[in-house]
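Presented below is the structure to which this report refers.
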Amino acid sequence: MGAWSGEPFGNDSAGDWAWDLKEQTTWDAVRDALAAVVDTDGPVDSDDATTAIAAAEVVAHGLGRPTQVDAYTADVAAFAMRAGAPGGDVVELAVRALAEATDPEGELAELWEDDPEEWDAANAKLRAALEG
């Protein structure tokens with residue numbers, strides 16, 4: 001995972017996934033990315049976890065409570081404008097997926113164990129934005 005920050009779109013996997021949002025007009029792709037970690041038995045793959053965190057940030061954008069607004073989220077903001085506000089089911093799924101993706105026993109948390117402060121803070125901020 002090429003990462004330059006602990007923010008949801010501070011890594012290559014999230015940026016690659018966001019590229020797929022350019023043509024999307026519904027929340028289906030976001031829902032799929034979130035469900036991929038919620039529906040997993042056992043440890044969540046780090047790429048899936050990274051994508052789920054990014055998808056949760058997309059939900060936060062759709063709610064009007066983004067935690068990351070920069071060049072990396074320009075496509076996200078455009079998607080949120082096209083798709084409109086996410087339904088309550090998507091928001092609930094985002095909260096659950098964020099919890100799974102950031103599980104301290106998970107593969108992604110292990111990758112951040114040498115410098116967890118920035119990543120933990122970004123995830124806490126995102127959780128608060130989702131929970132409103």
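Among the residues making up the stretch 12-35, a single one is more than 23 Å from Val69 (Cβ to Cβ) and touching a residue at least 60 places away in the same chain (Cβ under 8 Å): Ala35.
Residues that are over 12 Å from the mean Cα position of the chain (by Cα), surrounded by fewer than 14 Cβ atoms within 10 Å (Cβ to Cβ), modelled with pLDDT of 95 or more and assigned to a helix (DSSP H, G or I) do occur in the stretch 12-30, at least one of them.
The values are calculated or read from the model by the stated rules, or taken from the named source; none is laboratory data. Keep in mind that this is a model prediction, so the values were computed, not measured. Backbone-built Cβ (ideal geometry, glycine too); neighbour counts: all protein chains shown.
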